[in-house]
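Enquirer: One structure coming up, written as C-alpha cells, with questions to follow.
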Amino acid sequence: MGSAAIEPRKHRDFDPRTFLATAGKGRRMVVVPKGRTVYAQGSDADAVFHVLKGKVRLTVTSAAGKEATIGIVGAQSFVGEGALAGHVLRVGSAVAMTDCELLRVDKHVMMETVHHEHGLADLLMTYLLARNVRYEEDLLDQLFNSSEKRLARVLLLLGHTGKEGAADTVLPKISQQTLAEMIGTTRSRVSFFMNQFRKRGFIQYSGGPHGRLQVHRSLLTVVLND
C-alpha cells in the first residue's frame with residue numbers, strides 16, 4: 001500500500017505593505033490633526049501605529065514634569081511598537097507635528113500576524129534594526145561631535161536629505177527648543193547655529209524665521225567637515 005501524497009499548502013499572497021496601509025479586522029485608519037496626541041504617556045499600550053502621512057514627534061516627560069523630545073518620525077515608520085515588547089503602558093507620548101494619517105493595528109492582531117506572516121516579520125525586524133543603528137549613531141554623535149554638527153545631522157535626517165539622490169527638503173514648523181532637546185544643547189545655541197546655516201545658504205525659511213524650513217543638501221558639508 002503506497003503512502004498518500006501530502007497535498008501542498010495552498011499559496012496565499014500576503015503583502016505586508018498592503019496590510020499596513022489598509023483597514024481590516026483589528027486595523028483602522030486614524031486621522032490626527034496637527035498638534036493633537038496620537039497616544040499619551042501612561043495610557044494603555046494596546047496598539048501599534050504605522051505612519052502613512054505626516055510627521056510625528058515622540059516625547060518623554062519626567063516625574064518632575066520636564067518634557068524631552070526623543071525623536072521625530074515620518075511616513076513608513078512605526079510608533080508605539082513597545083506594545084509588542086510587553087509594555088502594558090506607554091513609556092512616552094506621540095504628537096502629530098503635521099496633519100497625520102496612521103493605521104492603528106490592535107496589539108493582538110499585530111502579534112498574531114507577525115507570528116504567521118514572515119513578510120511582515122521581516123519588514124518590522126528591518127525597521128527595528130535600522131532604528132537601533134540610528135540610536136547608536138545618535139549616541140556616538142552626542143559623545144564625539146560638536147553641537148553644530150549634531151544640529152546639521154538632525155536637520156538632514158529629518159528631511160532625509162543626506163541620502164544619495166535625495167532632493168532638498170522642506171520641513172514642517174519645528175521649534176528651536178525641540179531641536180535643542182534632540183541634540184542636547186540650549187535653545188540659544190541652536191538659534192546661533194541656525195542663523196549661521198542661513199547666512200551660509202545651507203537652509204532658508206519660508207514665511208519668516210518661524211515658518212517652514214528648507215534644508216539644502218549642502219548642509220552635509222558641516223557634518224563631513226573635520
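Enquirer: Checking the condition on the phi < 0 side of the Ramachandran plot and assigned to a loop (DSSP other than H, G, I, E, B), which residue from 87, 108, 115 passes?
Expert: Criteria check complete, one pass: 87.
Enquirer: Just give me the residues in segment 36-58 being at pLDDT below 95 and either under 18 Å from residue 108 (Cβ atoms) or in contact with an Asp or Glu (Cβ under 8 Å, 6 or more places away or on another chain) (or both), in sequence order.
Expert: 54
Enquirer: Follow-up question, since we're still on this one. Over 18 Å from residue 47 (Cα atoms), of a type in the set (Gly, Ala, Ser), touching a helix residue (DSSP H, G or I) at 6+ places or on another chain (Cβ under 8 Å) and crowded, with 19+ Cβ neighbours inside 10 Å: which single residue out of 83, 180 fits that description?
Expert: 180
Enquirer: Something else: Output the residue which, of all residues in segment 53-78 that are in a strand (DSSP E or B) and not β-branched (Val, Ile, Thr), is farthest from the chain's Cα centre (by Cα).
Expert: Per the stated criteria, the residue is 67.
Enquirer: Still on this structure, I have one more. Within segment 92-115, take every residue that is polar (S, T, N, Q) and buried (at least 18 other Cβ atoms within 10 Å of the Cβ) and give me the one that is farthest from the chain's Cα centre (by Cα). Spell out the reasoning first.
Expert: Start the filter on segment 92-115 by keeping residues that are polar (S, T, N, Q), which leaves 93, 98, 113.
From the residues that got through so far, the ones that are buried (at least 18 other Cβ atoms within 10 Å of the Cβ) too are 93, 113.
Values: 93: 13, 113: 22 Å.
Out of the qualifying residues, it is 113.
Enquirer: Sticking with this structure for a sec: For segment 116-145, name all the residues that are surrounded by 14 or more Cβ atoms within 10 Å (Cβ to Cβ) and without any contact (Cβ under 8 Å) to a residue 12 or more places away in the chain.
Expert: Hits for segment 116-145 are 121, 131, 138, 145.
Enquirer: Check whether at least one residue in segment 148-163 is modelled with pLDDT of 85 or more, exposed (fewer than 15 other Cβ atoms within 10 Å of the Cβ) and outside any helix (DSSP H, G or I), and report yes or no.
Expert: So far as segment 148-163 goes, no, none of its residues is modelled with pLDDT of 85 or more, exposed (fewer than 15 other Cβ atoms within 10 Å of the Cβ) and outside any helix (DSSP H, G or I).
The values are calculated or read from the model by the stated rules, or taken from the named source; none is laboratory data. What you see is a predicted model, and the numbers here were worked out from it, not measured in a lab. As a convention, Cβ positions derive from the backbone with ideal geometry for all residues, glycine included, and neighbour counts pool all protein chains shown.
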